[in-house]
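Q: Mind looking over this structure? Questions follow.
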Amino acid sequence: MSDIFLGMPAFPRAAKAAVHNPTLRANLRHATHTIRTKRARAVAELDDWDRLREAGRRIKDHTLRHLDTYLEQLEAAVTRAGGTVHWAADAAEANAIVTALVQATGEREVVKVKSMATQEIGLNEALEAAGITAYETDLAELIVQLGDDRPSHILVPAIHRNRGEIRDLFARTMADWGRPAPDGLTDTPADLAEAARLHLREKFLRAKVAVSGANFMVAETGTLVVLESEGNGRMCLTLPETLISVVGIEKTIPTWRDLEVFLQTLPRSSTAERMNPYTSMWTGTTDGDGPRAFHLVLLDNGRTDTLADEVGRQALRCIRCSACLNVCPVYERAGGHAYGSVYPGPIGAILSPQLRGTTSEIDASLPYASSLCGACYDVCPVAIDIPEVLVHLRERVADQGGHRLEQAAVKVASWVLDHPAVLAAGERLAARTRRAHPARPPGTKAWTESRDLPELPAEPFRDWWRKNRT
Amino acid sequence: MRVALFVTCVNDAVYPSTGVATVRILERLGVEVDFPADQTCCGQPPYNTGYRRETEPLVRRTVRAFEEYAYVVTPSGSCAAMVRHHYASFGDRAAALAPRTYELSEFLVDVLGVTDVGAYFPYTVTYHPSCHGLRALGLGTGPRRLLDAVKGLDLRELPGAEECCGFGGTFAVKNPDVSAAMGRDKVRHALSTGADVLCGADNSCLMHLGGILRREGAPLRTLHLAEILASTEEEPWRE
Ligand code: SF4
């Protein structure tokens, strides 16, 4: 993944600041609870939701099992339709391919459709280094870009900002990037949207090159699909002369018909809409209609490694709906930035350590960034058992021997628990000396900083049983 | 009917009164209770923290202690969920224990078919369902029906009941700030009900919430479901 997240502090430390920031807490709480309630309503409308969810799971699992075949089929179909397919093993390769393609057009700027894959590889930064400016055109991504900020949510990247903050940002920064914000801009949603519309319009009309991702790639036809709400994506997908799409290999589905499932589950899970306002689909190039050149960059960047892990591979089923973020109690308090990745929340906690490995401090801490409450698994439209993968990744982290003290403590505890006589002696000793225990014994700060310890009983249960029932 | 009580390590060492209450309820309903003395811990804490190897001896011990019983009853949703959902990955003998292990309310409602256990508890109560009870075991309305049938008890709806309290085992100490923030929100909701008692079916969650309540000097105490159900007019609950 891109370098901007390297060196992130471990999750607990990064989360601490967010937890103690009342504005951020309020913004996140309001936003996640609103969308959470709406999603529940939208899903409850369908009496076959469980079957749709199971169908989605199966289509994805089937595709992943035969990914080699479907990718070749996809490549052939895209090529037949007039597109060019490029294969990128990692972020650096993908960035180099896209940069060279843009340079070949002679252009110095591109407009961008909201895309997770290009953020994952840090494409904007790579283009900038080559003297090419990338303009984000999704409203929330625009807010993030203008604020020189990082996205904190998959679907609503500026979820951590409120209207007042956005108004100030537009007024201050739009002029540096193009058309300035209108005078006397208010913080009403309509005014903010109009300011963004005017600012972006000149970019759409000028741009010769667009960069996108895709929600789905249909192997049988070579069709790419983007779902969006604003129509800005469609501007980028239709107006420029050259379109470059960077897509993770796991976004493949076998047939056109499979879309039937996901076009129902994705909008309801993500924006709580029955149907999203804009669904754009394109197959290669078409004479006299839309871009004249189309390039598809197929991105691996850790995905085949993830696929090799029997438990972890289910993370590749993800359709990036964000439902798991919106119900996650940890995300709600820690915010997206603490996850140190473009993929925050529960899905980020299982995806980033698989795509990037568990060696960095932040990646080794992500599998523990969950109380395992299971709310994410309940809402996931492709039934990814996120708690199961989290525990699996914790085993990986524990195995690499990072937490030596903890490992030693667990070994001792397990040994004691496997020796009931020792355990009982310990319990009795603790019970007998309980009056002398300090309220905050050394080594318990993580607990006692915010919580009292329970008072110990006069005797353990096993002694009560021995005296009263045997 | 004979059942084995799996009291759990936390209840044994810290909350023996929950174990005693469980015994009293079951015996009152005519169930014969055994306490296999070889039992300790189901292995959930090391398992959830990523220490599968260290979990294995605990799983083996639990299986040996309980496998001769047709019913194993435990006053802990999370330990029941550990056995139910994760024991299968430790081999056939462990897998065989899974369908015979019941969380207390589940055993009362689904196996014995009772919701009125003859309890008396003249206090205002709100119930936190806990993630393992709610999502992992799918306990549904069972615990609330049991509480509804308790004489003298005034049950208040807990806002945001389905949300995690922030305990999460080692999560509570690995991510103390987020954990405490979640706990404080849960406590705020519980206080808003005006209840005297915050009830739950998992003492680990209650240990975390009770710790916050005591630290904040809040006028609300935590109590395990079993202790409410064990309380009768003849022998009412006492501290
Ligand atoms: S893991 Fe599931 S719920 Fe989360 S974003 Fe992916 S598809 Fe949506």
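The values are calculated or read from the model by the stated rules, or taken from the named source; none is laboratory data. It should be emphasised that the depicted structure is a prediction, and the values quoted were computed from it without experimental measurement. Cβ sites come from the backbone with ideal geometry, for glycine too, and all protein chains shown count toward neighbours.
Q: Limited to the range B:3-32, what total is found for residues that are within 10 Å of chain A (Cβ to nearest Cβ) and surrounded by fewer than 18 Cβ atoms within 10 Å (Cβ to Cβ)?
A: Residues that pass the stated criteria total 1.
Q: Considering each residue of the range B:131-178, count those that are of a type in the set (Ser, Thr, Tyr) and touching a residue at least 24 places away in the same chain (Cβ under 8 Å), and give that number.
A: 1
Q: Is there a residue in the range A:285-294 that is in contact (Cβ under 8 Å) with a residue 24 or more places away in the chain, within 16 Å of the ligand (Cβ to nearest atom) and touching a strand residue (DSSP E or B) at 6+ places or on another chain (Cβ under 9 Å)?
A: Scanning the range A:285-294 turns up no residue that is in contact (Cβ under 8 Å) with a residue 24 or more places away in the chain, within 16 Å of the ligand (Cβ to nearest atom) and touching a strand residue (DSSP E or B) at 6+ places or on another chain (Cβ under 9 Å).
Q: How many residues are of a type in the set (Ser, Thr, Tyr) and assigned to a helix (DSSP H, G or I) when one looks only at the range B:69-100?
A: Number of matching residues: 3.
Q: In the range B:33-64, which residues are more than 7 Å from chain A (Cβ to nearest Cβ) and over 11 Å from residue B:82 (Cα atoms)?
A: Correct list: B:33, B:34, B:36, B:39, B:53, B:55, B:56, B:60, B:62, B:63, B:64.
Q: Okay, next question. Considering each residue of the range B:179-201, count those that are within 12 Å of chain A (Cβ to nearest Cβ) and in contact (Cβ under 8 Å) with a residue 40 or more places away in the chain, and give that number.
A: Total meeting the criteria: 1.
Q: Kindly state which helices (runs of 4 or more DSSP H) lie completely within the range A:1-74 and contain at least 1 residues that are touching a helix residue (DSSP H, G or I) at 6+ places or on another chain (Cβ under 8 Å), within 14 Å of another protein chain (Cβ to nearest Cβ) and surrounded by 15 or more Cβ atoms within 10 Å (Cβ to Cβ).
A: A:11-19, A:22-44
Q: Determine which member of the set B:22, B:40 is within 17 Å of the chain's Cα centre (by Cα) and part of a loop (DSSP other than H, G, I, E, B).
A: Among B:22, B:40, only B:40 is within 17 Å of the chain's Cα centre (by Cα) and part of a loop (DSSP other than H, G, I, E, B).
Q: Which ones in the range B:1-55 are among the hydroxyl-bearing types (Ser, Thr, Tyr) and either in contact with an Asp or Glu (Cβ under 6 Å, 6 or more places away or on another chain) or closer than 18 Å to residue B:105 by Cα (or both)?
A: Hits for the range B:1-55 are B:8, B:15, B:17, B:18, B:22.
Q: Condition first: over 20 Å from the mean Cα position of the chain (by Cα) and either within 20 Å of residue B:11 (Cβ to Cβ) or small (Gly, Ala, Ser) (or both). Now tell me which residues in the range B:196-222 satisfy that.
A: B:214, B:217, B:218 - these are the residues of the range B:196-222 that are over 20 Å from the mean Cα position of the chain (by Cα) and either within 20 Å of residue B:11 (Cβ to Cβ) or small (Gly, Ala, Ser) (or both).
Q: Suppose the filter is assigned to a strand (DSSP E or B) and either aliphatic (A, V, I, L, M) or surrounded by 17 or more Cβ atoms within 10 Å (Cβ to Cβ) (or both); does residue A:269 pass it?
A: no
Q: Return the total of residues in the range B:148-174 being part of a helix (DSSP H, G or I) and at the interface with chain A (Cβ under 8 Å from one of its Cβ atoms).
A: Residues meeting the conditions: 4.
Q: Return yes when residue A:410 is more than 19 Å from residue B:15 (Cα to Cα) and free of Cβ contacts under 8 Å to residues at least 24 places away in the same chain and no when it is not.
A: Against the criterion (more than 19 Å from residue B:15 (Cα to Cα) and free of Cβ contacts under 8 Å to residues at least 24 places away in the same chain), residue A:410 qualifies.
Q: What's the number of the only condition in (1) assigned by TED's automatic domain parsing to the domain that holds residue B:214; (2) out of contact with any strand residue (DSSP E or B) (no Cβ under 9 Å at 6 or more places or on another chain); (3) modelled with pLDDT of 95 or more that residue B:136 fails to meet?
A: (3)
Q: Still on this structure: Please report, ordered by residue number, the helices (runs of 4 or more DSSP H) entirely within the range B:175-239 with at least 1 residues that are among the polar types (S, T, N, Q).
A: Those helices (runs of 4 or more DSSP H) span B:176-192, B:203-215.
Q: Tally up the residues in the range A:295-316 that are within 14 Å of chain B (Cβ to nearest Cβ) and within 16 Å of the ligand (Cβ to nearest atom), please.
A: Residues that pass the stated criteria total 2.
Q: Please tell me if residue A:342 is at pLDDT below 95, of a type outside the set (Phe, Trp, Tyr) and within 13 Å of the ligand (Cβ to nearest atom).
A: When the stated conditions are applied, residue A:342 passes them.
Q: So, one more: Yes or no: the range A:172-189 includes at least one residue that is of a type in the set (Lys, Arg) and under 30 Å from residue A:331 (Cα atoms).
A: Yes, that holds for at least one residue.
Q: Another question, then. Looking for something of a type in the set (S, T, N, Q) and closer than 20 Å to residue B:208 by Cβ - is there at least one such residue anywhere in the range B:130-143?
A: yes
Q: Looking at residue A:172, is it surrounded by 21 or more Cβ atoms within 10 Å (Cβ to Cβ) and among the basic types (Lys, Arg)?
A: No; evaluated as a whole, the condition is false for this residue.
Q: Please verify whether residue A:252 is within 16 Å of the ligand (Cβ to nearest atom) and under 18 Å from residue A:75 (Cα atoms), treating the condition exactly as stated.
A: Taking the combined requirement at face value, the residue satisfies it.
Q: Additional query: Could you list all residues from the range A:343-400 that are at positive phi and either within 11 Å of chain B (Cβ to nearest Cβ) or of a type in the set (Phe, Trp, Tyr) (or both)?
A: Matches in the range A:343-400: A:372, A:374.
Q: Need the failing condition index for residue A:233 against (1) closer than 20 Å to residue A:262 by Cβ; (2) within 16 Å of the ligand (Cβ to nearest atom), just the number.
A: Among (1) closer than 20 Å to residue A:262 by Cβ; (2) within 16 Å of the ligand (Cβ to nearest atom), residue A:233 violates only (2).
Q: Same structure again: Would you check which residues across the range B:13-27 are touching a Phe, Trp or Tyr at 6+ places or on another chain (Cβ under 7 Å) and without any contact (Cβ under 8 Å) to a residue 12 or more places away in the chain and list them?
A: B:16
Q: Report yes if residue B:195 is surrounded by fewer than 24 Cβ atoms within 10 Å (Cβ to Cβ), modelled with pLDDT of 95 or more and within 17 Å of residue B:150 (Cα to Cα), otherwise no.
A: yes
Q: Name the single residue, out of those in the range B:120-139 being away from every other protein chain (no Cβ under 14 Å) and surrounded by fewer than 23 Cβ atoms within 10 Å (Cβ to Cβ), that is farthest from residue B:23 (Cα to Cα).
A: B:124
Q: Among the residues of the range A:314-326, write down those that are part of a helix (DSSP H, G or I) and within 15 Å of residue A:252 (Cα to Cα).
A: Those that are part of a helix (DSSP H, G or I) and within 15 Å of residue A:252 (Cα to Cα): A:314, A:315, A:316, A:317.
Q: Read through the list (1) within 13 Å of the ligand (Cβ to nearest atom); (2) within 14 Å of chain B (Cβ to nearest Cβ); (3) among the β-branched types (Val, Ile, Thr), then give the number of the only condition that residue A:319 fails.
A: Among (1) within 13 Å of the ligand (Cβ to nearest atom); (2) within 14 Å of chain B (Cβ to nearest Cβ); (3) among the β-branched types (Val, Ile, Thr), residue A:319 violates only (2).
Q: While we're here: Return only the number of the condition from (1) surrounded by fewer than 22 Cβ atoms within 10 Å (Cβ to Cβ); (2) part of a helix (DSSP H, G or I); (3) within 14 Å of chain A (Cβ to nearest Cβ) that residue B:145 does not satisfy.
A: Going through (1) surrounded by fewer than 22 Cβ atoms within 10 Å (Cβ to Cβ); (2) part of a helix (DSSP H, G or I); (3) within 14 Å of chain A (Cβ to nearest Cβ) one by one, residue B:145 breaks only (3).
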